[in-house]
1. Just one of 459, 489, 477 is over 30 Å from residue 22 (Cα atoms) and touching a Leu at 6+ places or on another chain (Cβ under 6 Å); which is it?
2. Which numbered condition in (1) open to solvent by 10 Å² or more (accessible area, probe 1.4 Å); (2) more than 25 Å from residue 241 (Cα to Cα); (3) among the β-branched types (Val, Ile, Thr) is the only one that residue 65 fails?
3. Among the residues of the range 225-235, which ones are assigned to a helix (DSSP H, G or I), open to solvent by less than 30 Å² (accessible area, probe 1.4 Å) and closer than 15 Å to residue 251 by Cβ?
4. Name the single residue that is farthest from residue 222 (Cα to Cα) among those in the range 259-307 being of a type in the set (A, V, I, L, M) and part of a loop (DSSP other than H, G, I, E, B).
5. Grab the helices (runs of 4 or more DSSP H) fully contained in the range 415-473, keeping just those with 1 or more residues being surrounded by fewer than 18 Cβ atoms within 10 Å (Cβ to Cβ) and touching a residue at least 40 places away in the same chain (Cβ under 8 Å).
6. Under 6 Å between Cβ atoms, which residue pairs at least 6 apart in sequence (or on different chains) link something in the range 298-316 that is within 21 Å of residue 243 (Cβ to Cβ) and open to solvent by 20 Å² or more (accessible area, probe 1.4 Å) with a partner that is among the β-branched types (Val, Ile, Thr) and part of a loop (DSSP other than H, G, I, E, B)?
7. Being in contact with a Cys (Cβ under 7 Å, 6 or more places away or on another chain), open to solvent by less than 30 Å² (accessible area, probe 1.4 Å), touching a residue at least 60 places away in the same chain (Cβ under 8 Å) and not basic (Lys, Arg) is true for just one of 211, 164, 195. Which residue is that?
8. Just checking, how many residues over the range 214-224 are outside any loop (DSSP other than H, G, I, E, B) and open to solvent by 10 Å² or more (accessible area, probe 1.4 Å)?
Amino acid sequence: MTKTVANFLIDHLVAHGIDQLYCLPGVQNDHFFDALYDRTGEVTPIHTRHEQGAAYMALGASLATGKKQAYCVVPGPGFLNTTAALSTAYAVNAPVMAIAGQIPSGAMGKGFGLLHEIEDQIGTMRGLTKEAHQIFNGKDAADFIPQAFAQVDNGRPRPVGMEIPVNVWRQELPDGTVLGKRGETTRPDVDVDKIKAAAKLLSTAHNPMIIVGGGAQNFSREVIQLAEALSAPVCSFRNGRGIIPTDHPLAASTPVAHALWSKVDVVIGLGSRMQSQRMQWGTDEGLKVIHIDVDETELNRVKTPTVGIHGDLVDALPLLLKEIEGKEWKNEDWLATVQEVKAQREALINDQLAPQLSWLNAIRAELPREGLFVDELTQVGYVSRFAFQCYQPRTFLSTGFQGTLGYGFATALGAAHARRDVPVVAIAGDGGALFTLNEMATAVRHSIPLTTIVFNDNAFGNVRTLQREWYDERYIASDLTSPDFVKLAEAFGARGMKATTPEELRSCLKQSFKDPAPTLIEVPVGEFPSPWEFVLQPQVRGATNQGAKVF
């Protein structure tokens, strides 16, 4: 086979286990798709109705599997349509490969006004990725494509991008280029002395706590082992959900952890910035901080920890567990306090947020423990981030700090495509749903068995809630006129259903899971009680930190 840039890229997709490519073809990439035509048995194109759908599907597949995924679109408006998804992939540490076409290399930067031409596309791409490469010839491809595929999940996983001009796809590679060669990956050496210092500090702890983020998703067993050895509650929010099962005695939601925060004497962060805890809840001299992260720049970003350890958790956690082996301790008083606080906070949440919880509990009752739940920026979604019962890693997908309204349906579609072995449920409000619900056509075209629940209040519900609670009901630009979602789903050829009670929702979910097909369940709702006191929790330690203000 001719050693062209297009085939070289396909070789690397195959070598890295990427057997589907989320995409929307176009003129600058026609040479690439012509090469892909002969290799669809190795890499299947999953074409969407909008470029943002392709990028969000790659994001969802990546979050659901923890593996590399890729999308390919045309330059200019095509690439720009993917940037919300790409920024979200960056926020949640998703190993996504962004492949964008480009106008002819000789015309770049000339301002001729060619089709899809924008100024400095690579600059935009570099701001949203770990690194991005321009490929102008066969030699660039030989050098940069292996590097790009190696870097996407080397160290801290994050998206990597490349742009390839239309005249470069069919260029040949230099003689001697090895097709599909995997680039080398490296891990930082863990400072054993710092591991010992962390273990010594933990040996003095009376009230320890563990904070886990998305970087700990692959280390559930080790995190639980550490927590049980230390008698330490484990706090997770959004991207750390499921690392410790919600029904484990040491699992602590963020409202529970906040209530305990003033009593904690040593906290250990694993794959987490601990941003909320340190910037919003506060720190003082009585709190010692151990921070382990594969990204060295995160160790001192918020505040210099007592012990900062640069390392991959695959190396650091076994070392720490070995260091404390035989020195495990159980603090019965602390364990009793944790259980008492959990009971108090959960009772308060059950009382104040009963409407949202009734829907979440209905979903949980039908969704298997291994099933996937994809949240959204909607009232039920905000509550799910601390109150939805979650039992396994990578079963709760969220946007992280990016807060990307409308990401949910298309992201869940990618998750459901990649994980056909388990049910996947996405939730959305009627506002966010219409950002990407056009991809219902993609769900039907590719027979993707996603179940989507749309909570319809004919409003941007969260905006309206804040206008009600904080601005004396001065409602502005928050009311919506939404379609009949059942009829809309049916118009696409999907299954449309409606539920007006949690019991009816359970019945709809039973049917959807029993007979998998693209399904949309509309749930008409009214105003919900505000969840924000359980999310934007006040400072309880140290001096006032104005940098922690969110609103």
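1. Answer to the check: 459.
2. (2)
3. If the condition is that a residue be assigned to a helix (DSSP H, G or I), open to solvent by less than 30 Å² (accessible area, probe 1.4 Å) and closer than 15 Å to residue 251 by Cβ, then 226, 227, 230 are the ones that fit.
4. Only one residue fits best here, namely 302.
5. Fully inside the range 415-473 and qualifying: 440-445, 461-470.
6. The qualifying pairs are 312/294; 315/190.
7. 211
8. Adding up the residues that qualify gives 6.
The values are calculated or read from the model by the stated rules, or taken from the named source; none is laboratory data. Keep in mind the model is a prediction, meaning the values are calculated, not measured. All Cβ positions, glycine included, derive from the backbone under ideal geometry; neighbour counts span all protein chains shown. We work out accessible area using only protein heavy atoms, side chains counted, and drop any ligands, DNA or RNA first. Shrake-Rupley method; radii C 1.70, N 1.55, O 1.52, S 1.80 Å.
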